[in-house]
Amino acid sequence: MPTAVDIFIPCFVDQLFPQTALNMVKVLEAVGCEVHYNANQTCCGQPAYNAGYKEQSCEVARKFLTDFPTEQERYIVSPSASCIGMVRNTYADLFEGTSDAGRYHGVQRRAFELTEFLVDVLGITSIPQARLTGKYTYHDSCSALRECGIREAPRQLLDAVPGLERLEMAETETCCGFGGTFAVKFEAISVAMAEQKVEHALATGADYLISTDTSCLMHLDAYIRREKKPLKTLHVADVLASGW
């Protein structure tokens, strides 16, 4: 019997990187999942929360609980550790001690970022169809590493792709400088952090800079393009769906 999953497509992916969402579906279906998509879904509430609008964030988050009802008991899988971190951790601040606590707990234990779902839930450490030739370095996003404890899962999946070789960069666990509104409020610091991250990546000789979060990749890619650096950014889902 196939594993039933609901997919949550974050704002960034929906508006700017829809192919990454499609690639995630491609990978999930390839490993035997029955994929469900609720077209009414919107945002997890993170942008409003990070900007200090807790009440408004709570309204959006409450809709998330409605869009992914506990009684369905399907896994919730997303190509964003940032949004999953919001649901798992920050929802406690929004809903603990309220009438929505039960619904929050139900959603919390079912929400997973794509790579941890594949590796830690399904026990899948490779996508046999995937093919990509080149050298890559990996960026640990703050949300994946610090909020969700994700480090080995994406590396396991990427290392299993034929033709792909990993080269770890210096300070891989250091923030890229995006941080949502941080990049707007503190532009100079944000750009300097992106520069440092990209220079560390280039020093490895890698062709690709890969991560679990499109927000980090968007920020880094903007710097790479502006400075015309010889490096390509890719989301993990795009790599796992490549070559087939």
Alpha-carbon Rg/Rh ratio, for region 202-244, with Rh computed the Kirkwood way: 0.98
Per the Debye formula with a single identical scatterer at each Cα and no solvent contribution, what log10 I(q)/I(0) holds for region 55-96 at q = 0.20, 0.35 Å⁻¹? -0.67, -1.25
Just to be sure I understand the rule: take each whole DSSP H helix in the chain, project its Cα atoms onto its long axis, keep it if the span is 20 Å or more and its mean Kyte-Doolittle hydropathy is at least -1.0. Which ones pass? 187-203
Through the Karplus equation 6.51 cos²θ - 1.76 cosθ + 1.60, θ set to phi - 60°, convert the phi angles of region 206-213 into ³J(HN,Hα) values in whole Hz; use x for Gly and Pro. 6, 8, 10, 10, 10, 7, 8, 10
Normalised Cα Rg of region 6-140, dividing by 2.2 N^0.38 Å with N its residue count, works out at 1.10
Give me the 1.4 Å probe accessible area per residue for region 58-197, excluding ligands and nucleic acids, in Å². 42
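Rounded, prolate or oblate: which fits the chain when a ≥ b ≥ c are the square roots of the eigenvalues of the alpha-carbon gyration tensor, with rounded for a/c under 1.5 and prolate only if a/b beats b/c?
Values: a/c = 2.11, a/b = 1.24, b/c = 1.70.
Here the chain falls in the oblate category.
Viscosity 1.002 mPa s, temperature 20 °C: what is the translational diffusion coefficient of region 171-210 from Stokes-Einstein with a Kirkwood Rh over Cα pairs, rounded to a whole number of µm²/s? Please list the in-between numbers first.
On the way: Rh = 10.6 Å.
For the chosen part, D equals 202 µm²/s.
Where a ≥ b ≥ c are the square roots of the eigenvalues of the C-alpha gyration tensor, would you call region 78-223 rounded, which needs a/c under 1.5, or, failing that, prolate if a/b is larger than b/c, or oblate?
Values: a/c = 2.97, a/b = 1.26, b/c = 2.35.
In terms of gyration-tensor shape, oblate.
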Between GLN129 and ALA170, how many nm apart are label points set 7 Å from Cα along the C-beta direction? 4.1
Provide the gained length on full extension for the span ASN50 to LYS185, in nm with one decimal, where the gain is 0.36 nm per separating residue minus the Cα-Cα distance. 47.4 nm
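The values are calculated or read from the model by the stated rules, or taken from the named source; none is laboratory data. A quick note: this is a predicted structure, and the numbers were derived from the prediction, not measured. Positions of Cβ are generated from backbone atoms using ideal geometry, with glycine treated the same way; all protein chains shown enter the neighbour counts. In case anyone asks, the SASA skips ligands and DNA or RNA and just uses the protein heavy atoms, side chains included. Shrake-Rupley method; radii C 1.70, N 1.55, O 1.52, S 1.80 Å.
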